[in-house]
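First comes the structure, then the notes that go with it.
The values are calculated or read from the model by the stated rules, or taken from the named source; none is laboratory data. Since we're looking at a predicted model, the values are computed, not measured. For neighbour counting, all protein chains shown are included, and Cβ atoms are generated from backbone atoms with ideal geometry for every residue, glycine included. The area values use the complete protein model at the heavy-atom level, side chains included, leaving out ligands, DNA and RNA. Shrake-Rupley method; radii C 1.70, N 1.55, O 1.52, S 1.80 Å.
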Amino acid sequence: MVFDALKRQDVLLIDVREPAEFANLRIHGALLHPLSTFEPRAIPANPDRRIVFQCGSGKRSRMALDRFMAETGAEAAHMAGGIGAWKSAGLPCVSINPATGEVEDHGRY
């Protein structure tokens, strides 16, 4: 499970959504690399951490994964169902409280 791997720092989670999406709701620890400006070789390489791409539903993360593997030859994965499935599973997210405008981070590990 990606959540447990994030806690152990075994994966590098790359969010390929756009900045506004990322600002409103994200997974703690994810790095933003929007698909609209995606450059596979800009993804930080670390042989000790598997790269996992994530988006809202899994569609854009699959496109990023395919492009990343084609251009770098490196192995990686993507999170099927995206942050929608993550949130539906009750896993913690960083979000903006609409009443206060404050950032709430319920996913610190």
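When the residues of region 79-88 are filtered to those that are among the aliphatic types (A, V, I, L, M) and in a helix (DSSP H, G or I), which remaining residue is surrounded by the most Cβ atoms within 10 Å (Cβ to Cβ)?
Ranking the qualifying residues of region 79-88, first place goes to Ile83.
Please determine, by comparing only the residues of region 31-63 that are modelled with pLDDT under 95 and among the small types (Gly, Ala, Ser), which one is farthest from Gly101 (Cα to Cα).
If we take residues in region 31-63 being modelled with pLDDT under 95 and among the small types (Gly, Ala, Ser), then Ala45 is farthest from Gly101 (Cα to Cα).
Out of the residues in region 1-29 that are under 19 Å from Asp66 (Cα atoms) and part of a loop (DSSP other than H, G, I, E, B), state the one that is most open to solvent (accessible area, probe 1.4 Å).
The selected residue is Glu18.
Listed here are the residues, each with its yes/no results for (1) more than 17 Å from Ala20 (Cβ to Cβ); (2) surrounded by 13 or more Cβ atoms within 10 Å (Cβ to Cβ); (3) acidic (Asp, Glu).
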{"residue": "Cys55", "(1), (2), (3)": "no, yes, no"}
{"residue": "Arg60", "(1), (2), (3)": "no, yes, no"}
{"residue": "Phe68", "(1), (2), (3)": "yes, yes, no"}
{"residue": "Ala77", "(1), (2), (3)": "yes, yes, no"}
{"residue": "Gly90", "(1), (2), (3)": "yes, no, no"}
{"residue": "Asn97", "(1), (2), (3)": "no, no, no"}
{"residue": "Glu102", "(1), (2), (3)": "yes, no, yes"}
{"residue": "His106", "(1), (2), (3)": "yes, no, no"}
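Could you please find all residues in region 30-41 being without any contact (Cβ under 8 Å) to a residue 24 or more places away in the chain and in a helix (DSSP H, G or I)?
Passing the criteria: Ser36, Thr37.
Find all pairs meeting these conditions: Cβ atoms under 9 angstrom apart; at least six residues apart or on different chains; first residue within region 80-95 and free of Cβ contacts under 8 Å to residues at least 12 places away in the same chain; second residue of a type in the set (Phe, Trp, Tyr).
Close Cβ pairs satisfying both conditions: Ala89/Phe3.
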